[in-house]
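Data first, discussion second: the structure below is written as structure tokens.
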Amino acid sequence: MATKDGRGRRILVIKLGAFGDFFLAQTAFSAIRRHHAGDHLALMTLPSLAPLARMSGLFDEVLEDPRDRSLASYLRVRRLLRAGHYDRVYDLQGQPRTDRYFYLMAPGPWPEWSGTARGASHADRYEGRRKVPVLERYARQLKPFGIVPDAAPDLSWLDADISPFGLTPPFALLIPGSSPGRPDKRWPVRRYAELAGALADRGVTPVVLGTAIEKDIARVVAETCPRTVDLTERTTVPQIGGLARRAWAAVGNDTGPTHLVAAIGCPTVAVFSDASNPIHTSGPRVVIHHRPDFADMDTAGVLEAIERARALPG
């Protein structure tokens, strides 16, 4: 695709959000890359996600959003947008912050702009948009351009050597944490401890993943089931990808690493209560196990869901 002067077009994708959101957007990223195979494709994302975006090989350029809401930060974004001379922008974030990025282009000229900003050339505004599953939302936004996301992402680029952990298959990944401000998204730790024991009794080694804020949770699981391997604070994102490719199964809350291992293709049970919306996860072998209240979700039901996930085709 080329402009009238024969040069390849300059395309920008905007996707901020959290760790899990980045992996949920992979199918959209890949589809946009295919559609703009001959164009310069840039991504604006959070600094914490920029290394992963570069690792993916999908983008010719990765811009880091300054995140804060100061006037200086908005002026920096304005400079980045105007200096890029973009022909088209896909705002996949679609929130008030990125709507403002459209307005920052004043007094123009504006590129083609797909997003929720009023006045955008390709406005993606409709009733109930935020309640639509995120993958369906991307598909609807990209359809006018003839861009069709795949059913599952290609994360073949995300892998690493896991031999330093000394794990012997089979092993199952347990992801018992969530963002610090959302403890209501967590299936109770005593249930994860019960699950670890049940898996160990079946000859499957439980492996707990998480960051520093999950250390206490992991300790409870390991004290209850001594055969648990605690990898909290010990894994990079590529290593999580490597573990997911080789795991027997995974169980996790509504949190980024759960969405990642599911997207990799690991047989995954994503546990949800009504504390969060069980529509934002994807993967070829993921089972969403939902109960309105976590008090009504027992270990037996999760074990049965694991078997259903493992039975799904890879």
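Just for the chain, what percent of DSSP beta bridges are antiparallel, to the closest 5?
Roughly 5 percent of the beta bridges in the chain run antiparallel, per DSSP.
Could you check the spin-label model distance between Tyr103 and Val132? Points 7 Å from the Cα along Cα→Cβ, value in nm.
2.3
Return the long-range amide H neighbours of Thr205 (sequence gap of 5 or more, or a different chain), with a cut-off of under 5 Å between placed amide H atoms.
Under 5 Å from the amide H of Thr205: Phe171, Ala172.
Using heavy-atom solvent-accessible surface (probe 1.4 Å) with all chains present, what is the largest-first order of Tyr103, Tyr90?
Numbers: Tyr103 105, Tyr90 0 Å².
From most accessible down to least: Tyr103, Tyr90.
With angles folded into 0 to 90 degrees, how steeply does helix 189-201 sit against the dominant principal axis of the chain? Use alpha carbons for both and round to 10.
Once rounded, one gets 60 degrees.
Work out the length of the dipole vector of the chain about its Cα centre, built from +1 on the beta-carbon of each Lys and Arg and -1 on the beta-carbon of each Asp and Glu, and round it to the nearest 20 debye. List each step's numbers first, then the result.
On the way: 41 positive and 34 negative charges, 199 e Å.
Charge dipole, the chain, about its Cα centre: 960 debye, nearest 20.
Read through the labelled values [x] 39, 19, 18; [y] 35, 29, 22; [z] 27, 26, 18 and report the label of the one computed as semi-axes √(5λ) of the Cα gyration tensor in Å from the structure.
Looking at semi-axes √(5λ) of the Cα gyration tensor in Å for this model, the match is [x].
Hey, which aspartates and glutamates would be in cross-link range of Lys143, C-alpha to C-alpha under 12 Å, not counting anything within fewer than 8 residues on its own chain?
Asp124
Using a 1.4 Å probe and counting only protein heavy atoms, arrange Thr45, Thr168, Thr236 so the residue with the most accessible area comes first.
Details: Thr45 0, Thr168 100, Thr236 70 Å².
Largest to smallest exposure gives the sequence Thr168, Thr236, Thr45.
Running a GNM on the chain with Cα contacts under 10 Å, which residue among Ser48, Ser273, Ser282 ends up with the highest mean-square fluctuation?
Answer for the Gaussian network model of the chain: Ser48.
Any idea what the relative contact order of region 163-311 is, in percent, if you count C-alpha pairs under 8 Å spaced at least 6 apart?
Dividing the mean separation by the residue count of region 163-311 yields 23 percent.
Please give the calculated 222 nm ellipticity per residue for the chain, where each DSSP H segment of at least 4 residues contributes -39500 (n - 2.57) and the sum is spread over every residue; nearest 500 deg cm²/dmol?
Result for the chain, helices only: -10000 deg cm²/dmol.
For region 294-305, in order, what is each residue's ³J(HN,Hα) by Karplus, 6.51 cos²θ - 1.76 cosθ + 1.60 with θ = phi - 60°, in whole Hz (x at glycine and Pro)?
Calculated HN-Hα couplings, in order: 4, 4, 9, 9, 9, 5, 4, x, 5, 4, 5, 5 Hz.
How big is the Cα convex hull of region 75-203 in projection, averaged over all directions, in nm²?
13.1
Hey, in the GNM for the chain with a 10 angstrom Cα cutoff, which one of Leu195, Leu49, Leu167 fluctuates hardest?
Comparing Leu195, Leu49, Leu167 in the GNM, the peak value goes to Leu167.
The values are calculated or read from the model by the stated rules, or taken from the named source; none is laboratory data. Keep in mind it's a predicted model, so treat the numbers as computed, not measured. Please note: Cβ atoms are built from the backbone with ideal geometry, for glycine as well, and neighbour counts cover all protein chains shown. Please note that ligands, DNA and RNA were not included when accessible areas were found on the heavy atoms of the full protein model with its side chains. Shrake-Rupley method; radii C 1.70, N 1.55, O 1.52, S 1.80 Å.
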